[in-house]
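**Q** This is the structure I want to talk about, given as structure tokens.
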Amino acid sequence: MEEQQDQQSKPLTAEEKELISLEQAKKMRQIQALELNRARIREQLERSANPRYNELLNRELEHLEAQLAKLR
């Protein structure tokens with residue numbers, strides 16, 4: 001337990017900071033891509049008059065929302 005506390009109190013190395021930054025950047029790119037897809041699907045829902053296609057788009061929208069929730 002003391003080892004864990006020692007590790008937490010140590011400052012991060014430059015490599016660790018870079019890794020965290022890279023992971024954060026990757027996460028932000030994933031969120032942006034999902035948000036763009038969500039906007040595209042919402043536009044398609046507004047334009048579509050086909051109930052079956054709307055059902056498909058709504059399922060896709062739910063899936064994207066779930067993925068966004070996991071990343072946030």
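The values are calculated or read from the model by the stated rules, or taken from the named source; none is laboratory data. In this text the structure is predicted, and so the values were computed from the model without any measurement. Glycine also receives a Cβ, built like all others from the backbone with ideal geometry; neighbour counts cover every protein chain displayed.
**Q** Kindly indicate which of GLU3, GLU16 is surrounded by 11 or more Cβ atoms within 10 Å (Cβ to Cβ), modelled with pLDDT under 95 and not polar (S, T, N, Q).
**A** Result: GLU16 is the single residue among GLU3, GLU16 that is surrounded by 11 or more Cβ atoms within 10 Å (Cβ to Cβ), modelled with pLDDT under 95 and not polar (S, T, N, Q).
**Q** All but one of (1) assigned to a helix (DSSP H, G or I); (2) modelled with pLDDT of 90 or more hold for ALA49, so report the exception by its number.
**A** The number of the failed condition is (1).
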